[in-house]
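A.B. asks: Provided herewith is a single structure, encoded as structure tokens, for subsequent inquiry.
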Amino acid sequence: MPAKVFAAVAWMAMSAAAFQYQPGSPCDFSGLDLDSPINRMIQELPESELRWSPYATGQFLGVEFHHLNISGLNKLHRYGAISPFCVNGTRMIEVDFVQLGDVAMTVPWETCKGRKGHIQLRSRLSRFTTVFRVEATELGQVIKLVHEGPTIPVTTEELRLRIYNGGFMMDILTEYLSIAFRAVLQDIWNKEFFTFFVTSVGKVLA
């Protein structure tokens with residue numbers, strides 16, 4: 001995993017280094033409104049969506065777990081300035097996003113005796129970066145974005161697991177798990193959140 005992340009970061013760096021601003025050429029960004037398409041994309045992302053996940057479906061010790069629900073994607077914020085660059089005459093932009101505790105992964109559960117609750121995984125703050133291809137028409141320079149990727153996590157802070165309606169002992173247990181198994185929770189977060197992000201962005205920009 002670290003090797004893949006390093007390779008992706010290196011690809012972004014080399015791509016950015018390849019940028020040469022040439023007015024009137026395919027690499028000319030002058031007059032292009034790059035902010036509005038990104039803002040519209042965020043607004044059109046789903047508020048919540050059910051997903052099948054191997055982490056969130058099945059039964060264990062008499063408890064049935066239902067599908068994973070991911071919420072809050074439409075509350076992402078752009079972080080910092082958009083970084084334009086070109087690769088072989090193709091306009092690209094690198095964009096950082098941040099979520100401030102609004103994104104949550106929730107799995108409803110129910111015991112064989114009918115007791116219900118849900119498990120939630122939430123990060124107080126997470127930031128990630130990704131790349132879009134910019135397509136613009138000759139007339140009016142109307143921008144169309146195409147998600148190219150890769151999508152790379154930058155930081156994830158205070159990732160916490162909680163079990164609601166599980167009782168006092170479950171609260172203590174999940175607090176321990178959040179600390180002792182942070183790497184496992186981080187892996188689950190990265191796989192589920194970024195898969196959901198990439199899929200949702202693809203649908204919005206289609």
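A.B. asks: If only one of Gly149, Gly80 is assigned to a strand (DSSP E or B), on the phi > 0 side of the Ramachandran plot and either of a type outside the set (Val, Ile, Thr) or modelled with pLDDT of 95 or more (or both), which one is it?
C.D. replies: Gly80
A.B. asks: Within the set of pairs 6+ apart or on separate chains, which have a first residue in the range 192-206 that is without any contact (Cβ under 8 Å) to a residue 40 or more places away in the chain, a second that is in a helix (DSSP H, G or I) and of a type in the set (A, V, I, L, M), and C-beta atoms under 7 Å apart?
C.D. replies: From the range 192-206, no pairs qualify.
A.B. asks: Would a scan of the range 181-204 turn up a residue that is at pLDDT below 90 and not aromatic (Phe, Trp, Tyr)?
C.D. replies: Looking for residues that are at pLDDT below 90 and not aromatic (Phe, Trp, Tyr), one finds none in the range 181-204, hence no.
A.B. asks: Using beta carbons and a limit of 7 Å, which pairs, at least six apart or on different chains, have the first residue in the range 159-172 and farther than 13 Å from Pro108 by Cα and the second one surrounded by 17 or more Cβ atoms within 10 Å (Cβ to Cβ) and basic (Lys, Arg)?
C.D. replies: Correct list of pairs: Arg160/Arg122.
The values are calculated or read from the model by the stated rules, or taken from the named source; none is laboratory data. This structure is a prediction, so every number in the text was calculated from the model and none was measured. Cβ atoms come from the backbone with ideal geometry, glycine included; neighbour counts cover every protein chain shown.
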